[in-house]
Amino acid sequence: MNSYLQALLAELHTLSIPGLGALTVTNAERGEILFMPYLKYDDGKLAQHIADKEGMTLNEAKNLVAKYVREIEQQLHRGERYDLYQFGSFSKDSFEISLQV
């Protein structure tokens, strides 16, 4: 999943992870990324990218994304961090998810 996130961020500079939040590039030269937990809307771009790259249906890709988000949420719910390769680590306080670089 990380390779999909990296590819889309390089192209779009903002990427929604449905139900989790959005990543946006704030400084491409330094590789700075901001996580916005309030932008949980599914714009469909991540699932469409996966469907195109993997030759699967859009619905299958959406299910894959949903499974990925559930995995992150379960780990955070247990009080653990979720490492996002080359981006940082997700953590959760009592109210919201954040990304530490």
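Can you tell me which residues in segment 47-58 are under 24 Å from G31 (Cβ atoms) and exposed (fewer than 13 other Cβ atoms within 10 Å of the Cβ)? Passing the criteria: only K53.
Selection over segment 69-101 of residues that are outside any strand (DSSP E or B) and under 22 Å from T26 (Cα atoms) gives a count of 5. Take segment 65-80 and flag every residue that is under 23 Å from A51 (Cβ atoms) and either in contact (Cβ under 8 Å) with a residue 24 or more places away in the chain or in contact with a Lys or Arg (Cβ under 6 Å, 6 or more places away or on another chain) (or both). Those that are under 23 Å from A51 (Cβ atoms) and either in contact (Cβ under 8 Å) with a residue 24 or more places away in the chain or in contact with a Lys or Arg (Cβ under 6 Å, 6 or more places away or on another chain) (or both): V65, A66, Y68, V69, I72, E73.
State all residues of segment 22-41 that are of a type in the set (D, E, K, R) and either farther than 23 Å from E73 by Cα or buried (at least 16 other Cβ atoms within 10 Å of the Cβ) (or both); if no residue qualifies, say none. Across segment 22-41, the qualifying residues are E29, R30, E32. Filtering G44, G88, G19 for residues that are modelled with pLDDT of 95 or more, within 21 Å of S3 (Cβ to Cβ) and surrounded by 12 or more Cβ atoms within 10 Å (Cβ to Cβ) leaves a single hit, G44.
Pick out the one residue from A61, A66 that is part of a helix (DSSP H, G or I) and buried (at least 18 other Cβ atoms within 10 Å of the Cβ). Working first, answer last.
Numbers: A66 fails: buried (at least 18 other Cβ atoms within 10 Å of the Cβ).
Only one candidate passes the filter, namely A61.
Counting only strands (runs of 3 or more DSSP E) that sit completely within segment 5-57, those holding 3 or more residues that are of a type outside the set (A, V, I, L, M, F, W, C) and under 17 Å from Q86 (Cβ atoms) correspond to 21-27.
The values are calculated or read from the model by the stated rules, or taken from the named source; none is laboratory data. Since the model is a prediction, treat every value here as computed from it, not as a measurement. Neighbour counts are summed over all protein chains in view; Cβ atoms, including those assigned to glycine, are modelled from backbone coordinates with ideal geometry.
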